[in-house]
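Below you'll find the structure, written out as structure tokens, and then a few comments.
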Ligand code: ATP
Ligand code: MG
């Protein structure tokens, strides 16, 4: 479906914003809109997909808004499911595709004397249930930023833009719908969303939005760890993690997502880990929250067990679970990731141990690659010259004979500098100097 002259048919007569790539609209999303309209409902694309198309970015997903209620949507689409309690939505499936369909929402009528059961706030003003249905005008007021409140129908080629969103896309501005001090109280996660969009789109945060992040950022402490884990993934695993991290730090709210080292919140391991993740994203390589969490929590682990230019190994193992538990109080960590994190940490000890047959064993460890990747990050962050990472790079590619030689050489050096414990057959030292401050 090619959509031309989108902004020539505006409801709000705003200046046209040209967009070249309308072909990237999901045919499945168009099919859903079509079907809803056939059943006499209103239906539009809305949110990130319209915003991204206007900004000439390929949308990552397509959200639909409609006046059909969840149960009515369910009746029309067999392969669908109602999800969420706080915020009910319908997921519609086709093969591997999922499209999220939201029913138009209304705010709480300020003059209303009836207590609505479906929009409930806690003492801090946070909305804990938001399921009052409304019309499109109500719905656009419930959305977070003007650029996210543009409705577009790819069938009739019309759009509705009640808050000058298209103009703000053009001006590259993130502007809140309504007073952000109030809106961020309703939902503190909007602070994180504002930062994420500013970074992704290279847009400027409106000064009122900035002020609200400073003022209301601490309310992120009241958000459930499950929701914050989702936000963690969205903000750090989207190719702009490093920039987002720096922005979160400058607003003083990184601590609501990350259990950072107390003394040196600017530890270089953080910088290198985020840069590495962003690069992997650009290169189309796999990215897992487990790896990033292992890296981010590493300085806390070392802080806990560093001892006399090395580490207390017993404390190292004992602290693993508590460091993960501290992070879990902030963002949930699904179980499969916590064992992954511990494997990566354990491998850091093992990679330090290059005597006897150990290297041949370690290289077969199922998480060897991740452990080795993290070793390279640590080394880079500490500007260490010991070449441990290089050694492992060569070792992986060497034939059996060269491997034996490499191990022999390490043993000789270890014996020579007294850093060799014949009883255990291993070096005593661990860690790069900058890690052990
Ligand atoms: P992206 O999908 O690119 O991360 P998005 O803007 O589409 O960005 P979603 O989380 O998919 O974000 O949400 C879709 C739309 O729903 C948003 O554009 C916005 O209009 C609305 N929305 C989502 N979360 C909130 C929120 N916390 N407060 C208000 N509106 C929201
Ligand atoms: Mg979206």
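Does the chain classify as rounded, prolate or oblate by the C-alpha gyration tensor (a ≥ b ≥ c root eigenvalues; a/c under 1.5 gives rounded; else a/b over b/c gives prolate, otherwise oblate)?
Values: a/c = 2.55, a/b = 2.13, b/c = 1.19.
Because a/c hits 1.5 or more and a/b exceeds b/c, the chain counts as prolate.
How would you classify the range 173-252 from its alpha-carbon gyration tensor, with a ≥ b ≥ c the square roots of the eigenvalues: rounded for a/c under 1.5, else prolate if a/b is greater than b/c, otherwise oblate? Numbers along the way, then the final one.
Values: a/c = 1.70, a/b = 1.10, b/c = 1.54.
Here the range 173-252 falls in the oblate category.
Where does helix 189-201 land angle-wise versus the long Cα axis of the chain, in degrees 0 to 90, nearest 10?
80
Between the helical axis of 400-416 and the dominant principal axis of the chain, each derived from Cα atoms, what acute angle in degrees is found, rounded to the nearest 10?
70
Got the relative contact order for the range 173-252 handy, in percent, Cα pairs under 8 Å and 6 or more residues apart? Don't skip to the end; give the middle numbers.
Working: 71 pairs, mean separation 27.4, N = 80.
After rounding, I find 34 percent.
Figure the gain on full extension for residue 207 and residue 155 (residue separation times 0.36 nm, minus the Cα-Cα span) and round it to one decimal in nm.
15.0 nm
Under the classification rounded if a/c is under 1.5, otherwise prolate if a/b is larger than b/c and oblate if not, where does the range 340-401 fall, given a ≥ b ≥ c as square roots of the Cα gyration tensor eigenvalues? The partial results should precede the final answer.
Working: a/c = 1.78, a/b = 1.14, b/c = 1.56.
Oblate, since a/c reaches 1.5 and b/c is not below a/b.
What length, rounded to one decimal in nm, is gained on full extension from residue 404 through to residue 91, with 0.36 nm per residue of separation minus their alpha-carbon distance? Show your work: numbers first, answer last.
Working: separation 313, 0.36 × 313 = 112.68 nm, distance 5.64 nm.
Between residue 404 and residue 91, full extension yields 107.0 nm more.
Among DSSP beta bridges lying fully in the chain, give the percent that are antiparallel, nearest 5.
For the chain, the DSSP antiparallel bridge percentage is about 80.
Listing 342, 85 from the residue with the fewest other Cβ atoms within 10 Å to the one with the most, what is the order?
Values: 342 18, 85 9.
Arranged by neighbour count, lowest to highest, 342, 85 become 85, 342.
Quote to one decimal, in nm, the extra length available between residue 218 and residue 397 on full extension: 0.36 nm per residue of separation minus the C-alpha distance between them.
Gain on extension, residue 218 to residue 397, equals 59.5 nm.
In what sequence do 218, 435, 42 fall when counting other Cβ within 10 Å, fewest first? Spell out each step's value before the answer.
On the way: 218 14, 435 22, 42 17.
Ordered by Cβ neighbours within 10 Å, fewest first: 218, 42, 435.
Points 7 angstrom from Cα along the Cβ direction at residue 385 and residue 40: gap in nanometres?
So the label points at residue 385 and residue 40 sit 8.1 nm apart.
Order the peptides 27-40, 365-378 from the highest to the lowest mean number of other Cβ atoms within 10 Å of their residues.
On the way: 27-40: 16.6, 365-378: 18.4.
Averaged packing, sorted descending, gives the order 365-378, 27-40.
Using packing as a proxy for protection, rank 402-415, 182-195 so that the peptide with the highest average count of other Cβ atoms within 10 Å comes first.
Numbers: 402-415: 14.3, 182-195: 21.8.
Going from most to least packed, we get 182-195, 402-415.
Could you work out how far helix 313-330 tilts from the main Cα principal axis of the chain, as a 0 to 90 degree angle to the nearest 10?
The helix 313-330 is inclined about 10 degrees to the chain.
At what distance in nm do the modelled label points of residue 250 and residue 133 sit from each other, each positioned 7 Å from its Cα along Cα→Cβ?
Here the answer is 4.4 nm between the modelled labels.
Provide the convex hull volume over Cα atoms per residue for the range 203-313, in Å³. Before the final figure, lay out the partial values.
On the way: hull volume 14.1 nm³, N = 111.
Hull volume over Cα atoms, normalised by residue count, gives 127 Å³.
No value in this document is a laboratory result; all are computed from the given coordinates. Because the structure is predicted, anything quoted here is derived from the model rather than measured. Please note: Cβ atoms are built from the backbone with ideal geometry, for glycine as well, and neighbour counts cover all protein chains shown.
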